[in-house]
1. Which members of the range 89-113 meet the condition of being hydrophobic (A, V, I, L, M, F, W, C), more than 16 Å from Val58 (Cα to Cα) and not in a helix (DSSP H, G or I)?
2. Which of the residues spanning the range 44-62 are surrounded by fewer than 19 Cβ atoms within 10 Å (Cβ to Cβ) and not charged (D, E, K, R)?
3. Take Leu158 and decide whether it is of a type in the set (A, V, I, L, M), closer than 21 Å to Trp39 by Cα, modelled with pLDDT of 95 or more and in contact with a Phe, Trp or Tyr (Cβ under 8 Å, 6 or more places away or on another chain).
4. Scan the range 50-88 residue by residue and report those that are assigned to a loop (DSSP other than H, G, I, E, B), closer than 15 Å to Thr160 by Cβ and not acidic (Asp, Glu).
5. Inside the range 114-193, counting only strands (runs of 3 or more DSSP E) that do not spill past its ends, which hold 1 or more residues that are over 16 Å from the mean Cα position of the chain (by Cα)?
6. List pairs: first residue in the range 63-74 and within 14 Å of Ser168 (Cβ to Cβ), second residue outside any strand (DSSP E or B) and small (Gly, Ala, Ser) anywhere in the structure, Cβ distance under 9 angstrom, at least six positions apart or on different chains.
7. Say whether the condition of being among the hydroxyl-bearing types (Ser, Thr, Tyr) and at pLDDT below 95 is met by at least one residue in the range 89-104.
8. Tally the residues that are surrounded by 15 or more Cβ atoms within 10 Å (Cβ to Cβ), under 14 Å from the mean Cα position of the chain (by Cα) and either more than 22 Å from Ile143 (Cα to Cα) or of a type in the set (Val, Ile, Thr) (or both), restricting the search to the range 87-102.
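The values are calculated or read from the model by the stated rules, or taken from the named source; none is laboratory data. Nothing here was measured: the structure is a model prediction, and the numbers come from that model. Here the Cβ positions follow ideal geometry from the backbone for every residue, glycine too, while neighbour counts run over all protein chains shown.
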Amino acid sequence: MGLLKHSLIVVVLPSVLFFGCATPTESKKQEAMEKQSSWKSEVRDLLKVYGHRNWIVVADAAYPQQSNPAIRTIAIDASHLQAVEFVSGLIEKAKHVDANIYVDEELAFVPEKHARGIESYRNGLDKVLSGKSTQALMHEEIIRKLDESAKLFNILILKTDLSIPYTSVFFQLECGYWDSGAEKELREAIPGD
């Protein structure tokens, strides 16, 4: 009997240690953290190779996957505003890029009665982008700019599960250490340019 009891302890104890460490809830939390870490790592890595004229878009749930191979779409497991804050913060810390930030002009006119949560979203977006220069353009105009850039440059779409219209935020990357004023002066200084 002593040997049988000892054998059970040897078999059961490792099983409990191996399988009993994480509850199903903890396991799901761990999986969600890994997914979130995965897309964030991917964005960090891409930002290292992205530069002037690349785009990063934080899109709502209805944003279409485009057929152009230069436009990569990934579904992320994060709230829309968390993704905007993360991308904005990465760009702010990067030395090699800055961004023109575009929002849909339609966003300011979408009524709460047709899009529940829009007021809260607008307030949250204002807080996340506080102090940053943003430009509101009609959605189709932003898409034309993005499509034109995609003819030569890569674009990353981070698709969230937000289901409120006209909430996508577009980051058109620019050079972080050379601005348009410096470029203008350079062009004026070059004879015949």
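1. If the condition is that a residue be hydrophobic (A, V, I, L, M, F, W, C), more than 16 Å from Val58 (Cα to Cα) and not in a helix (DSSP H, G or I), then Ala94, Val97, Val110 are the ones that fit.
2. Leu46, Val49, Gly51, His52, Ala61, Ala62, listed by residue number.
3. yes
4. Hits for the range 50-88 are Ala61, Ala62, Tyr63, Pro64, Gln65, Ile76, Ala78, Ser79.
5. 134-137, 169-175
6. Tyr63/Ser168; Gln66/Ala150; Ile71/Ala150
7. No - not one qualifying residue is present in the range 89-104.
8. The qualifying residues number 4.
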